[in-house]
Amino acid sequence: MKNTISQRVADFLKNFPPFNFLEQAEIEILAEKVSIIYKEKGAVIFEENEETHDSFYVVHKGAIELRKKSKNNILDMCDEGDIFGLRPLIALENYKMEATAHEESILYAIPITIFKPYAIKNANVGNFVIDSFASNTHNPYSKSHSGKLYGNTFDDENNADEIIDNDNKILDLQPIKYSKKIITCSRAATAKEIAKIMTKKNVGAMLVVEDMLPIGIITDKDLRNKIVTGDYSINTTADVIMNSPVITYSKKMTITQAQMAMMKSNISHLCLTKDGTANTKAVGILSKHDVMVALGNNPAVLIKALKRVKKVKAIKPIRAKIMQLLQGYLNQNIPITLTSKIITELNDACIQRVIELSLAKMSTPPPVRFSWLALGSQGRSEQLLHTDQDNALIYEDVPEEKEEKTRKYFLELAAIVNKGLFEIGYEYCPAEMMASNPKWCLSLNQWKQTVHDWISKPGKDEVLLSFIFFDYSLSYGDQELANELADYIFGDIESNPIFYVHLVSGALQSPSPTGFFRQFLVEQDGAHKDFFDVKRRALMPLADAARVLILSHRIKGISNTPERFEKLAELEPQNKELYLSCAYSYKALLKFRTKQGLLHHDSGQFIELEALTKLEKVKLKATFKTIKELQEVISMRFNPGKINI
Amino acid sequence: MSLKEKFIQSLQILGILEVPIDERLNCSIESTRFVILDTETTGFNYTDDRILCIGAIVLENGVIDLQNVFEHYIDQEHFDKSSVQIHGIIRSDVLDHKSEIEVLQLFIDYLGDSVIVAHHTKFDVTMINNALERNGLPKLTNKCLDTAVLYKRTLIKSNLLQHKDHYTLDDLADKFDISKKDRHTAVGDAYITAIAFLKILKKLKGKHEKMMLYHLFR
């Protein structure tokens, strides 16, 4: 029976092949038979060799990974709108791969008996199904090029496995994403006009068209070589300086094909047309940059890609590439300091882009200056994996009559930014430490008042908040506001020395990593029973101690924990060895956590001890000794035993 | 409550005894049939206002079958123009209208002995019970869960945080990133409630080794 939900399902399906080949009424009938399935992260949809279900699946939300158990290699990742588990249903064989939820997912299960008549009746649908037979991936279009790249065809799965084993650049097999917004001009346009438009639209090439058909192309290089050199006047028309005829290709192009085409003709832009010849309408432009992004394993390319992004949603795939980059760095054993610097830089760029795009959504520009702050681990540039968002906002002081309006503006902005960050993979902070929370979106003076309250009347909660907030760094906006607040904090702490004692006492309260017999202490209950909490028991004690010590030396501008220890080693030669060992331990732990997180696709906070090698356990324990020594040093120095909190 | 029951209850409160009194609740979440429902009404008055539409879906082991969606509109005598604007249901707009008693009977069959889940369940269940009473039918005896209440249990308890007293379905949809396109249609709201319920279950699961139905009724 037709109902509100099935209509919504139909609205979704009609955007994706093969459903887009069906009539609206047909999709609606199909949608009424759908089951909606919710899968937690890590849940299995079907196992290898399992008997087939009576439905195949379409991903509505989330992501599903397909893998061969024996190889432990991800063969394919299915995203929103992708189909999986169809081939075995048609071929009447058991599942050849295992499907698990890579993240929390919602699936539409479509009964094969309902779908099959359409596959037989409708040629387009049928072709899609046949294509997906020949291909191993969810998207049959990727099959055409695979053979050319690896000198092999994607005929069966065994072959596919070999290909992947030889080279894990499976991403190359994806069809390329090209720019559909084509910037065009007529043959009469002048070089000056063209350059202006290209600058405004931030593109590297302009297509010259006549009667809707491409007749030539002008790139940055042409403008440089022909106009800037003075060979032609700035008022030369397009037809004189354009490259003609245009080299055109079909839009069903793959990354590898595109790369080869560019190399072959030594050009940086390809024009994609409807049928691949210059006699049909242009549908897109593919630049060398697009190819680079698709291959994307270099930070500069990713940063450039971020700058060009027009929608928050488009940042998510870039974030996935950042994670690949991280994995690569760890595999190659690149120093964690360097790794975290690069990854932090990239993560910051993502956040900045989200804020820029959010600002563009506001009806007016910000009424006054503001700073967007990253708190906690992100503020310390130690956040490598996807974690919760912790952020806050400072805006410039305004006269009282404008306060309410200003505050409203920034709260609205913060809500958009928080939602955007959520969309690109930063979970909402469960403790609501987010700028959209009215408590953490304040004017500079209100912030000063807030931190003054913490510093002058420190209780347990105030110390905890100080821990989170005093490690902030600027993500976006005005540096001065952020600095002014930092200066205020330092000044205020100096006049309230008792605050150190509270900070130290707080820093010593982290739970001990080992028990009396030097055994690991694991979580006693809850979801992580018998797991070791590397964040609370090992990383936090070090970060907390570093903060106290660095504050007591009145050093500002260093928020990264290892860097703080390195600075401390300089300042206190008598403890140099200990501090350097702390810096080393922290890096080792961070790397450890990051590896665990990548392995399990989570924050890496909880470690399964059984899965560790003997060597890893020894390494982990070695860091605990350092933590203990450090805690002794600070507890001697500040003597927190004097107070009770 | 007998002395024995009281004794068992006090043991449970102390956390000594894990077995619930009600055997109906001693089953796994996966094997439970939940009916997630929402009603659209002419207003918020339990006695004067009437149900315009009952929307419900069945959730079993994480699966919602769209062939088994309950969406029935009720013919109205009592009619309040102001609520039409909220719900967008105009009398002649929907062809398929049934009498109140017909829809109620269909709903009772659909519901069976399932556990009811709704957002602010008390409102919907009271509206349905009052309608049943008017038609000389017995009240619902099903176990009820409320996503507004369950959601609060997922929140971190800390004196640094001030939680709201009431969370609307819109709040939940925002927190859990659920599309609000069909908001204010009975089935649309039931669907949002169902997804929110699933996400709440996932959050609560972390607190128990194997979550049973009775854990939700604490």
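Values quoted throughout were computed directly from the atomic coordinates according to the rules given, and no laboratory measurement underlies them. What you see is a predicted model; the values in this text were computed from it and never measured. In this analysis, Cβ positions are derived from the backbone assuming ideal geometry, glycine residues included, and neighbour counts consider all displayed protein chains.
For a quick check of your reading of the filter: which trypsin sites (Lys or Arg not before Pro) in the stretch A:211-300 sit in a DSSP loop and have no more than 14 other Cβ atoms within 10 Å?
In loop regions of the stretch A:211-300 (DSSP not H, G, I, E or B), the sparsely surrounded trypsin sites (Lys or Arg not before Pro) are A:252, A:274, A:281.
What whole-number distance in Å separates the alpha-carbon centres of the stretch A:318-389 and the stretch A:576-645?
24 Å
Per residue Cα convex hull volume for the stretch B:25-217, in cubic angstrom?
Taking the convex hull of the Cα positions in the stretch B:25-217, it is 130 Å³ per residue.
Compute the FRET efficiency between residue B:46 and residue A:314 as 1/(1 + (r/R0)^6), taking r as their Cβ-Cβ distance and R0 = 56 Å, and round to the nearest 0.05.
For residue B:46 and residue A:314, the calculated efficiency is 0.70.
State, as an integer percentage, the relative contact order of the stretch A:4-136 based on alpha-carbon contacts under 8 Å between residues 6 or more apart. Write down the numbers at each step before the final one.
Numbers: 256 pairs, mean separation 42.6, N = 133.
In percent, rounded to a whole number, it is 32.
Using only the Cα atoms of the stretch B:114-187, what are the Rg and Dmax in Å?
When restricted to Cα atoms, the stretch B:114-187 yields Rg and Dmax of 15.4, 51 Å.
Quick check on chain A: helices-only [θ] at 222 nm, where DSSP H runs of length 4 and up contribute -39,500 (n - 2.57) each and the sum goes over total residues. Nearest 500, please.
Per the formula, -15000 deg cm²/dmol.
Mean projection of the alpha-carbon convex hull of the stretch A:6-105 over all orientations, in nm²?
6.2 nm²
Rounded to two decimals, what ratio of Rg to Rh does the stretch A:32-88 give with C-alpha atoms and a Kirkwood Rh?
Rounded to two decimals, Rg/Rh equals 0.94.
Mind checking which helices in chain A clear 27 Å along their axis (Cα) and have mean Kyte-Doolittle hydropathy of 0.0 or more, DSSP H runs only?
A:336-361
Residue A:274 versus residue A:618, label points 7 Å from Cα toward the beta carbon: distance in nm?
Going by the 7 Å Cα→Cβ label model, 7.0 nm.
What does DSSP give for chain A in terms of the percent of beta bridges that are antiparallel, rounded to the nearest 5? Mind dumping the intermediate values first?
Numbers: 51 of 60 bridges.
Taking every DSSP beta bridge within chain A, about 85 percent pair in antiparallel fashion.
For the protein assembly as shown, state what percent of all Cα-Cα pairs lands in each successive 10 Å bin, counting from 0 Å until the bin that includes the largest distance.
Values per bin, smallest distances first: 2, 10, 17, 21, 21, 17, 9, 3, 1, 0, 0.
Over all directions, how big on average is the projection of the convex hull of the alpha-carbon atoms in the stretch A:184-290, in square nanometres?
6.3 nm²
Run the quick spin-label model on residue A:361 and residue A:629: label points 7 Å from Cα toward the beta carbon, then report their separation in nm to one decimal.
Result: 5.0 nm between the two label points.
In nm, to one decimal, how far is the residue B:162 label point from the residue A:556 one, both placed 7 Å along Cα→Cβ?
Reported label-point gap for residue B:162 and residue A:556 is 2.9 nm.
Restricting to Cα atoms and excluding each atom paired with itself, what does the Kirkwood estimate give for the stretch A:505-642 in Å?
15.6 Å
Restricting the count to DSSP beta bridges whose residues both fall in the stretch B:25-217, what percent are antiparallel, rounded to a multiple of 5?
Numbers: 17 of 25 bridges.
Among the beta bridges of the stretch B:25-217, antiparallel pairing accounts for roughly 70 percent.
Can you give the FRET efficiency to the nearest 0.05 for residue A:332 and residue A:479, using r as the Cβ-Cβ distance and R₀ = 56 Å?
0.95
In percent, what relative contact order does chain A have, based on Cα pairs under 8 Å that are 6 or more apart in sequence?
8 percent
Let me know the volume per residue of the alpha-carbon convex hull for the stretch B:144-218, in Å³. Don't skip to the answer; put the middle values down first.
On the way: hull volume 7.9 nm³, N = 75.
In the stretch B:144-218, the Cα convex hull volume per residue is 106 Å³.
Within the stretch A:471-573, list the chymotrypsin sites (Phe, Trp or Tyr not before Pro) lying in a DSSP loop whose Cβ has at most 13 other Cβ atoms in a 10 Å radius.
Passing sites in the stretch A:471-573 are A:516, A:517.
Quick one: Debye curve from the alpha-carbon atoms of the stretch A:299-444 only, equal weights, vacuum; give me log10 I(q)/I(0) at q = 0.12, 0.17 Å⁻¹ to two decimals.
At q = 0.12, 0.17 Å⁻¹ the computed log10 ratios are -0.51, -0.94.
Using the beta-carbon distance between residue A:303 and residue A:16 and R0 = 25 Å, what value does 1/(1 + (r/R0)^6) give for FRET efficiency, to the nearest 0.05?
Efficiency computed from Cβ-Cβ geometry: 0.20.
Where does the stretch A:577-636 land on Rg/Rh, using Cα atoms and the Kirkwood Rh?
Expressed as Rg/Rh, it is 1.04.
Let me check against my output: what whole-number percent is the relative contact order of the stretch A:283-389, with C-alpha pairs under 8 Å and at least 6 apart?
Relative contact order here is 27 percent.
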